[in-house]
Amino acid sequence: MAKNHVLAIVLAGGEGKRLMPLTDDRAKPAVPFGGHYRLIDFALSNIVNSGYLKIIVLTQYKSHSLDRHVTKTWYTSPLLGNFIAPVPAQQRRGPHWYLGSADAIYQSLNIVDDEQPDYIVIIGADNIYRMDFSQMVQHHIDSGLPATVAGIRQPIELASALGVIDSADGKINQFLEKPKNAVGLADDPTKVLASMGNYVFTTKDLIKALREDAHNPESKHDMGGNIIPWFVERGECGVYDFQDNDVPGSTDRDRNYWRDVGTLDAYYDANMDLISVHPVFNLYNHKWPTMTMIDGSLPPAKFVYGEEHSRMGHAVDSFVSPGVIISGGEVYHSVISPGCYIHSWAQVTDSVVMDGCRIGRHAVVSKAILDKNVVLEEGAVIGLDHTHDRERGFTVTDSGITVVPKGTVVTR
């Protein structure tokens, strides 16, 4: 019954500065991931699989490709009043853009007024995980509290870098921001509970909190930094343990997987999580599918030249998307996105290659991220000489991943 009275709000307005250069000309939730997906597809798939089909996506920075993706991919029949709609910043509350995540929702209360939901689910748009939000909503309803925060168990040694939830009997007592001497959970002293940035609110209570926050000149107008503490101080905020969420089709290996892909290293690692023999995050869960729209004009992937060992087009331990041609090249432990062409004697290893890249003959790509439409000319090399990579203006992360910006032509 609650599903008929829920509005889902996806916060997709972040700049994603730590993902530069992948966010040079696109919003963070629009960054390609896992071959033919975008980061936002994971958030939207979770909501839709949970049974909620009234969804708004609040956008702001460099939102064109994100708006286009949501509009072209995530459309629903309006017959039953369903919608998945990108909503840009509109300056509805004055001549300013969104001042924070709470202000983004406050400026969009006209939609809440139109829909009149009993409950509101609010989530971010750029993490990789599976979650059945209907279970969290039911937990929220049963608690009788106005606000509920989803918490994820993390190793206690990471507490000094997290926002830790101190709770008892299902109610949050306080948020501990990066505590140095955190105390472990009662049922597992090696873990703490950290906020996932996913929330459920009873609508009338959220509206009251947002209006008070909007008139507070000292507030940063942030959901996690201001709105949730507002409820905690009043003893009105509950916690939902992500460990209790039971997603259909989950395996023991990928159950409770959650990855914040806020940095280039984390983004790379999350892609690599997909392609092991027994993946840490399993995209082949047909009971809880991750959905997107693939260009229907793309042909299947093709592997050519197999008559001689030195020129055999093949891929091992890899994702190979539609429209890819591996023409006598070799791909190992990599993610290859739609429309890429890998020429003879080229090698791609431990890499993420986005749409439309061209890898020339005898070129080498090792432990790298290539943004869309990168061209490696014959014999060009990426990822083997970090000093040379930096001299050419490419980003090299602390863990040694070379990132090549969109549309770059790499010479020998």
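The values are calculated or read from the model by the stated rules, or taken from the named source; none is laboratory data. On a predicted model such as this, the values are computed, not experimentally measured, just so you know. Virtual Cβ from ideal backbone geometry, glycine too; neighbours counted across all protein chains shown. What goes into the accessible areas is simple: the full protein's heavy atoms, side chains included, and nothing from ligands, DNA or RNA. Shrake-Rupley method; radii C 1.70, N 1.55, O 1.52, S 1.80 Å.
Within the stretch 1-51, being open to solvent by less than 10 Å² (accessible area, probe 1.4 Å) and in a helix (DSSP H, G or I) holds for Leu19, Pro29, Ala30, Ile40, Asp41, Phe42, Ala43, Leu44, Ser45, Asn46, Ile47. Looking at the stretch 306-328, can you tell me whether even one residue there is open to solvent by less than 10 Å² (accessible area, probe 1.4 Å), over 22 Å from Gln243 (Cα atoms) and within 21 Å of the chain's Cα centre (by Cα)? Yes. Tell me yes or no: at least one residue of the stretch 292-301 is open to solvent by less than 40 Å² (accessible area, probe 1.4 Å) and in contact with a Leu (Cβ under 8 Å, 6 or more places away or on another chain). Within the stretch 292-301 (the criterion being open to solvent by less than 40 Å² (accessible area, probe 1.4 Å) and in contact with a Leu (Cβ under 8 Å, 6 or more places away or on another chain)), the answer is no, since none of the residues qualifies. With respect to being without any contact (Cβ under 8 Å) to a residue 24 or more places away in the chain, among the charged types (D, E, K, R) and within 17 Å of Asn46 (Cα to Cα), Arg259 falls outside the description. Only one entry in Asp371, Asp350 is charged (D, E, K, R) and open to solvent by less than 10 Å² (accessible area, probe 1.4 Å), namely Asp371. In the set (1) under 19 Å from Ile275 (Cα atoms); (2) assigned to a loop (DSSP other than H, G, I, E, B); (3) open to solvent by less than 30 Å² (accessible area, probe 1.4 Å), the condition left unmet by Asp355 is number (3).
To keep it simple, each residue is scored yes or no on (1) among the aliphatic types (A, V, I, L, M); (2) assigned to a strand (DSSP E or B); (3) over 21 Å from Ile47 (Cα atoms); (4) open to solvent by less than 40 Å² (accessible area, probe 1.4 Å).
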| residue | (1), (2), (3), (4) |
| --- | --- |
| Val192 | yes, yes, yes, yes |
| Gly197 | no, yes, no, yes |
| Phe201 | no, yes, no, yes |
| Lys204 | no, no, yes, no |
| Ala209 | yes, no, yes, yes |
| Asp213 | no, no, yes, yes |
| Pro217 | no, no, yes, no |
| His221 | no, no, yes, yes |
| Gly224 | no, no, no, yes |
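Residue pairs whose Cβ atoms lie under 7 Å apart, separated by 6 or more positions or on different chains, with the first residue in the stretch 338-351 and on the phi > 0 side of the Ramachandran plot and the second of a type in the set (A, V, I, L, M, F, W, C) and open to solvent by 20 Å² or more (accessible area, probe 1.4 Å), are Gly339/Leu298. Scanning the stretch 74-86 for residues that are at pLDDT 90 or above and either open to solvent by 30 Å² or more (accessible area, probe 1.4 Å) or outside any loop (DSSP other than H, G, I, E, B) (or both) yields Asn82, Phe83, Ile84, Ala85, Pro86. All conditions but one from (1) closer than 17 Å to Val335 by Cβ; (2) in contact with a Ser or Thr (Cβ under 9 Å, 6 or more places away or on another chain) apply to Ile359; the one that does not is (2). For the stretch 182-192, the criterion of being aliphatic (A, V, I, L, M), closer than 27 Å to Leu39 by Cα and without any contact (Cβ under 8 Å) to a residue 60 or more places away in the chain is met by at least one residue.
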